[in-house]
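Colleague: Would you mind keeping the following structure in view while I ask a few things?
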Amino acid sequence: MKLDFAELVVSSNFSFLKGASHPRELIAQAKQLGYHALAITDEATVSGSVKAHLAAKELKLKLIHGSQFWVSFSLSKKLVRFVILVKNKKGWEQLCQLISISRQHSSKGSYNLTNGDLENLSFTNCFLIYIPNTLEDKQVVIEISQWLKTYFFDNSFIGCTLLLNSSDYKWQRDICQIGKSYDLDVLATNDVLMHKRSSKRLLDVLESIRLNTPLKNCGYKLTKNSERYLRKKSKIEKIFFKDLINNTIKVSHRCDFSLDEINYEYPKEVIPNNLSAKKWLGYLVRKGIKKRQEEKKDITIIKEETIKQIAKELFLISKLNYEFYFLTVYDLVAFARSRGILCQGRGSAANSAVCYFLGITEVSPNEINMLFARFISKERNEPPDIDIDFEHQRREEVIQYIHRKYGLSRAALAASIICYKYKSAIRDVGKALSINPLLINKLLSNHQKFRKKDDNLEQIANMLVNENRFFTEKVNLLNDSKKVKLWLHLITEIIGFPRHLSQHVGGFVISEQPLSKIVPIENTAMKNRQVIQWDKNDINILGLLKVDILALGMLSAIRRSLKLIEKKLCQIETNNYSFSIQDIPPDDQSTYSMISRADTIGVFQIESRAQMSMLPRLKPKCFYDLVIEVAIVRPGPIKGGMIHPYLQRRNSQETIQYPTKEIENALSRTLGVPIFQEQVMQLAILAADFTPGEADQLRRSMAAWKKNSELNSFYTRIISGMLAKGYSKKFAEETFLQIEGFGEYGFPESHAASFASLVYASSWIKNYHPDVFLASLLNSQPLGFYATSQLIRDAKNHEVKILPVDIQNSSVETTLEFDSNPTLKINNLFPVRIGLNQISKLPKETMFRIENGRKNGSYKSITDLANRADLGKYELKILANSGALESLHKNRYEASWEATGYQKFTGLLKQCHLMESEIKPNALPKPSEVELLLADYNNLGFSLTKHPLTYVRNLLGTKTIAEQKKSSEIKTIKTSGLITHRQKPSAAKGVIFLTIEDETDTLNLIIPKYLSEKFEYIICNSKLITVIGRWQSGKSSSQDLSGQRSSITIDFLWDKSEILLKIFCNLAWRSRDFH
């Protein structure tokens, strides 16, 4: 008779460093071995359940859901292991609630469960399997078995694991005897940790990483042999008694739950009583239409096509029952707006007219070609995904509103599964194998080479050993390339393995019922913040509502700018003004001229080196040009060679030809060059007769074409569709190749349009109010591409007067001085007073005490300041060193001396303050310019005086950057500068981009791959460098604001950081590095 077997105790790699196989690998192997069923029972988690569910459905293997726990048992005063298997939907709810309880009793990443917790929960819809340890005392097994039968009756079992120990037969016989004594069935299990025994090496490394112990020191802590894998049924039959095998089938027959049974319900609080969701949504859309008409002061902005689009969207939303989703998002946006929090939806939601008129997005249907199927279609079979950006400094207010409205039990963050990537794998596996740190660092710096699939591990191992002979005696690897090869092999195996569970950056899951009935909830490191055990992909598959509550620094800067503009206009025109983002005039040509000059330092999205290089060539003149600018400077279009054809056609240097009207309709807005994902969808709809939903499936499949066989089905569909429409076979093939290549780099038009609106707003503010722009950027840090010193330098170039931080005049935040000396005001630009928030290490509460202390007049002395603002010696010294006390003491050394002598008492002497008498004038020398500059950089991160290179210019022996730019006829130049930015884009194929600056200007450096490898240490660690290079030539050469060339290709470079040390000792200069 054919043997049937179900493996009921299996740990996948979602047990986080305890299992050595992916859920899919386990299910595929079980299917191949002819198992009847397989249970995935990861420890106190169901994070891998959706992946297992999908694999089991595809491979047609019965999947049983469950989990396993170490339970603190009062009877034996030991940890006892139990496996819980789900029978039905109610059982799934019970399991999720149990995991939630165990996790919420503990800190992030751990759990705690007692036998009392199990006793208090009804497990009539689950099976409990007790897994006794083979080394466990027989009396303990008897006590646990008795307890099990007492509380869980026929739903309890004993699991017997046989791992080829000498006592296996006796153990199996004893377990069966105990089970018989208490009427408990015993079932067979291999207690699986891997799908194949060949994964034992990887399992050992995972355990070494988890224990944070080198593999050679783990000893008996490792799994003792390689038997915990999915065995062949013939081997199982030889090892276990037949009854034990049959019992696995009995259990599996009674477990019928599937994740498809989960019925998620949207929260209902978002509609008024006695109104349907459909009617309420329709009412809000109509109300939004009127509001948009009032904002634009034009009732004609709602075109006939827009009305049709709205009706079409509302029909589909109703058909798919998504009204509650839209209403939930609307409620969050309405709350934010009621609190004056700037927010904006982006991503595919910008393809929705309904979202625009609900106020969720800010991209008008008149500004882009909307494709609603990019957002919602019936073929997608998943809820829409709306991303909302909020001011990064006020997002927490929105999160707290969610918790107040829905409670912690119904709202939690989605998980983010942190998986091994190359760098983390190199480190962790290297540490486990005791690879010398020098060699680990070497591979880390060359990991791009290792990532190529065609690389031979033997060659890489030899390369690492042979290239590093200078330390081979230390690492003892000259004759040990086998160990290095093992290291490299294990790295490739561990890539993609889950490392731990973290929280999504802002994806909230909200439900009508407690979430713990759907999925387990656990704690995060932050108080009153919880996370579910599924990630965003799992949520989409199961149809749960997720709203992305994201943080965007530029929104904080824009909101601050709008408030400062209000105050500024009131000062200039002596009227009360209200100024909102809708008051920014559209299509301002002065603003577009500024953008076209690449005068965009600090501007959202178009401030990087690559964007500033593109702007003078593209010369944006309207909003849609900004949409293209945002999208075209991306790795995809660069790799796809789309930039030059677009620019040539834009400059009338290349003729645009469209083979048919359909192709023209799809590509005309980008001059025949496909730039956006939506255009691929339109091509499929217009040229191959795809439905909108099918076109969206095409878009979603493009990125995965290299990984699966979906390509063939779409190839046939596109070719046949185009032939039916009258296109030639050759043209259809060419179109398909274009679409296929596009999968590498497509960017959503809707996403670019959402960002473009912020690009324009921030550009307009910078163009007309650079004083406001600087103050707002400084108060919204950290954000953007540039450090504070570069932002201040740029503002000075725009005639903005910067005033130093001062305890008599500075507020907590950087502000405009409206009541300052009128001579300081230039062209309606008010002086910018640096705020106390720019002083590093000064506590926030101290800043507020200083500002509030001035309400009774200016501070008369340092003692007066200390008394009124309740400051201690530490805070006074910070203020003195940063120059904030110069209005009380012109000599910074004297201010610091006086602050050092201050003594603050506690207790009975709290009202007493001791300070040494003031020292005689000029008793201490005044700090030099160099000392002041050094103190500024070390305490503020910038200086309002001279640039550091001013003081080392005579030691560098090179011309300034400005002098070199003026000598444009010289092909080869030599100059020096402090590194402000480092970039190593993945699309650049090893090329590194640096930006340097001196006291006169900035310069972009392009370092070819062969030089970036040769000078790797200097590039990564130097502050000051001298370079020799050639002006970048050709059509791609970039220019600065004055029209001069701004980029050179490097031929050689030197580290000159020691020159800084001679003058400054410890200058706190930091670059901003991007990848």
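Where a number appears in this text, it was derived from the coordinates with a stated rule and is not lab data. Just so we're clear, the structure is a prediction, and the values are computed from it rather than from any experiment. Because the Cβ atoms are built from the backbone with ideal geometry, glycine has one as well, and the counts that use them run over all protein chains shown.
Colleague: Which ³J(HN,Hα) values in Hz, rounded to whole numbers, follow from the phi angles of region 613-627 under the Karplus curve 6.51 cos²θ - 1.76 cosθ + 1.60, where θ = phi - 60° and Gly and Pro get x?
Modeller: After applying 6.51 cos²θ - 1.76 cosθ + 1.60, I find 6, 7, 4, x, 8, 7, 6, x, 10, 8, 4, 5, 4, 5, 4 Hz.
Colleague: Could you give the length gained on full extension between Glu396 and Ser72, defined as 0.36 nm per residue of separation minus the Cα-Cα distance, in nm? If you can, show how the numbers build up before the last one.
Modeller: On the way: separation 324, 0.36 × 324 = 116.64 nm, distance 3.73 nm.
Contour length minus Cα-Cα distance gives 112.9 nm.
Colleague: Still on this structure: In bins 10 Å wide, starting from 0, what share of all Cα pairs of region 300-362 does each bin hold, as a percent?
Modeller: Result returned by the calculation: 21, 50, 26, 3.
Colleague: Listed highest first by mean packing, meaning other Cβ atoms within 10 Å per residue, what order do 660-669, 151-160 come in? Each step should come with its number before you reach the end.
Modeller: Numbers: 660-669: 16.7, 151-160: 19.8.
Descending mean neighbour count gives 151-160, 660-669.
Colleague: Figure the gain on full extension for Phe1052 and Arg649 (residue separation times 0.36 nm, minus the Cα-Cα span) and round it to one decimal in nm.
Modeller: Values: separation 403, 0.36 × 403 = 145.08 nm, distance 3.70 nm.
Gain in length upon complete extension: 141.4 nm.
Colleague: Take Tyr356, Tyr874, Tyr727 and order them by how many other Cβ atoms sit within 10 Å, fewest up front. The partial results should precede the final answer.
Modeller: Working: Tyr356 27, Tyr874 14, Tyr727 21.
By the 10 Å Cβ count, ascending: Tyr874, Tyr727, Tyr356.
Colleague: Using the Karplus curve 6.51 cos²θ - 1.76 cosθ + 1.60 with θ = phi - 60°, work out ³J(HN,Hα) for each residue of region 722-729 in order, rounded to whole Hz, and write x for Gly and Pro.
Modeller: Values, residue by residue: 6, 5, 5, 8, x, 7, 6, 4 Hz.
Colleague: Could you list which residues have their amide H under 5 Å from that of Thr361, counting only those 5 or more apart in sequence or on another chain, with H placed in the peptide plane?
Modeller: When sequence neighbours closer than 5 places are left aside, the close amide H contacts are Gly345, Tyr356.
Colleague: Just to confirm a number: summing +1 for Lys and Arg and -1 for Asp and Glu over residues other than Arg103 whose beta-carbon lies under 12 angstrom from that of Arg103, what do you get? Mind dumping the intermediate values first?
Modeller: Numbers: positive: Lys108; negative: Glu43, Asp117, Glu522.
Neighbourhood net charge equals -2.
Colleague: Please work out whether region 32-188 counts as rounded, prolate or oblate from its C-alpha gyration tensor, where a ≥ b ≥ c are the square roots of the eigenvalues and a/c under 1.5 means rounded, while otherwise a/b larger than b/c means prolate and anything else oblate?
Modeller: Details: a/c = 1.69, a/b = 1.17, b/c = 1.44.
Cα axes put region 32-188 in the oblate bin.
Colleague: Take Lys232, project a point 7 Å from its Cα along the Cβ direction, then tell me which residues of region 190-209 have their backbone nitrogen under 14 Å from it.
Modeller: Inside the label zone: 197.
Colleague: How big is region 212-362 by Rg and Dmax over its Cα atoms, in Å?
Modeller: Over region 212-362's Cα set, Rg and Dmax evaluate to 28.7, 84 Å.
Colleague: Given R₀ = 51 Å, what would the calculated FRET efficiency be for Ile572 paired with Glu1013, taking r from the Cβ atoms and rounding to 0.05? If you can, show how the numbers build up before the last one.
Modeller: Values: r = 56 Å, r/R0 = 1.10.
Computed FRET efficiency for Ile572 and Glu1013: 0.35.
Colleague: While we're on this one: Checking the table Lys31/Lys233; Lys959/Lys989; Lys108/Lys200; Lys279/Lys303 against a 20 Å threshold on Cα-Cα, which pairs fail?
Modeller: On the way: Lys31/Lys233 12 Å; Lys959/Lys989 31 Å; Lys108/Lys200 29 Å; Lys279/Lys303 23 Å.
In this structure, Lys959/Lys989; Lys108/Lys200; Lys279/Lys303 lie more than 20 Å apart at Cα.
Colleague: Take the alpha carbon gyration tensor of region 530-644, find the square roots of its eigenvalues, order them as a ≥ b ≥ c, and report rounded if a/c is under 1.5; if not, report prolate when a/b exceeds b/c, else oblate.
Modeller: Values: a/c = 2.81, a/b = 1.21, b/c = 2.33.
Cα axes put region 530-644 in the oblate bin.
Colleague: Where does the chain land at 222 nm, in deg cm²/dmol rounded to the nearest 500, when only DSSP H runs of n ≥ 4 count, each adding -39500 (n - 2.57), divided by all residues?
Modeller: Roughly -13000 deg cm²/dmol at 222 nm, from the helical runs in the chain.
Colleague: Additional query: Let me check against my output: what whole-number percent is the relative contact order of the chain, with C-alpha pairs under 8 Å and at least 6 apart? The partial results should precede the final answer.
Modeller: Working: 1835 pairs, mean separation 87.1, N = 1075.
Relative contact order here is 8 percent.
Colleague: If you don't mind, there's one more thing I want to ask. Would you calculate the separation in nanometres between label points at Arg210 and Lys966, each defined as 7 Å from the Cα along the Cα-to-beta-carbon direction?
Modeller: According to this spin-label approximation, the distance is 6.8 nm.
Colleague: Can you give the translational diffusion coefficient of the chain in µm²/s, computed by Stokes-Einstein from the Kirkwood radius over Cα pairs at 4 °C and 1.567 mPa s? The partial results should precede the final answer.
Modeller: On the way: Rh = 33.7 Å.
Once the numbers are plugged in, D ends up at 38 µm²/s.
Colleague: Based on the Cβ-Cβ distance of Phe731 and Lys250, what FRET efficiency does E = 1/(1 + (r/R0)^6) give at R0 = 51 Å, to the nearest 0.05? Walk me through the numbers before you get to the answer.
Modeller: Values: r = 62 Å, r/R0 = 1.22.
Taking R0 as 51 Å, the efficiency between Phe731 and Lys250 is 0.25.
Colleague: Arrange the peptides 8-18, 268-278, 1004-1014 so that the one whose residues have, on average, the most other Cβ atoms within 10 Å appears first.
Modeller: On the way: 8-18: 25.0, 268-278: 12.5, 1004-1014: 17.9.
Output ranking for 8-18, 268-278, 1004-1014: 8-18, 1004-1014, 268-278.
Colleague: Now for a separate question. What are the residues whose amide H is under 5 Å from the amide H of Ile386, where those residues sit 5 or more places off or on another chain and H is modelled from the backbone?
Modeller: Close amide H contacts, sequence-distant or interchain: Asp548.
Colleague: For all pairs of alpha-carbon atoms in region 599-665, what percent lies in each bin of width 10 Å, listed from the first bin to the last filled one?
Modeller: 18, 48, 27, 7, 0
Colleague: To the nearest 0.05, how large is the calculated FRET efficiency for Cys218 and Lys423 if R₀ is 25 Å and r is the Cβ-Cβ distance?
Modeller: Numbers: r = 24 Å, r/R0 = 0.95.
Calculated transfer efficiency: 0.60.
Colleague: While we're looking at this one, here's another question. Shape verdict for region 636-692, please, from the Cα gyration tensor: rounded (a/c under 1.5), prolate (a/b greater than b/c) or oblate. Display every interim value, and only then the final one.
Modeller: Details: a/c = 3.09, a/b = 1.53, b/c = 2.02.
Judged from the Cα gyration tensor, region 636-692 comes out oblate (a/c at least 1.5, b/c at or above a/b).
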